[in-house]
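Values quoted throughout were computed directly from the atomic coordinates according to the rules given, and no laboratory measurement underlies them. Worth saying up front: this structure is predicted, and the values here are computed from it rather than measured.
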Amino acid sequence: MIDFQWHGLLQSWSRHTLAAGDDRDNLSAEWLDEQTLWIGYPGAGEEQIARAERRLKTRLPESYREFLKITNGWPAGGPYVTRILPVEKIEWVSARKRDWLESWKLGMRLGSGNGDLATIGERLGFDIRTLESGLEISDEEDIGVYLLMPGLKSADDEWEAWCFEGETGAVRYPSFWELMRAEFDLLQP
């Protein structure tokens, strides 16, 4: 099993967020710990994760499961995402965003001269229909959303993770761990 260094990454992210002061107003005073410089929530227990897996009818990838055990959600996403949801609130894109999917597909068809979705997907670097199978794990209050893609697995069963923004498509990472490392790097000066 890969040793994901969540404690170190999230502690650095906490310090950066508190030092920058940008997101301080968005942080819940309930979980903000100025003394330890921690902005995260209490971790999810194995039973909380198992309930979500039963509801979603899948086993979540290890990098995401390990993240949830450290913090059940995260109040400060990368540059395009407001926050990562607690495990109880994650949902399949097909269940939560049916209207969004249909309007996005229609917009892409119209913007490309009514091309078929496979052709449009080739141009964007992914099959648009793949979006329907994505697992939405963040709020979409800003311009982006984090998606985990169970149909796109690596040899170690990690799901591909996307930072998806409707105008430009997806920035793709081999795992949730890699996405979060890259998002944190984007916050650095």
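Give me the number: length gained by fully extending E88 to E178, i.e. 0.36 nm times residue separation minus the C-alpha to C-alpha distance, one decimal in nm. Spell out each step's value before the answer.
Details: separation 90, 0.36 × 90 = 32.40 nm, distance 2.28 nm.
Full-extension gain reported as 30.1 nm.
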Length gained if H7 through I143 is fully extended, taking 0.36 nm per residue and subtracting the Cα-Cα distance, is 46.2 nm
Residues whose modelled amide H sits under 5 Å from the amide H of L152, counting only those 5 or more places away in sequence or on another chain, are E160
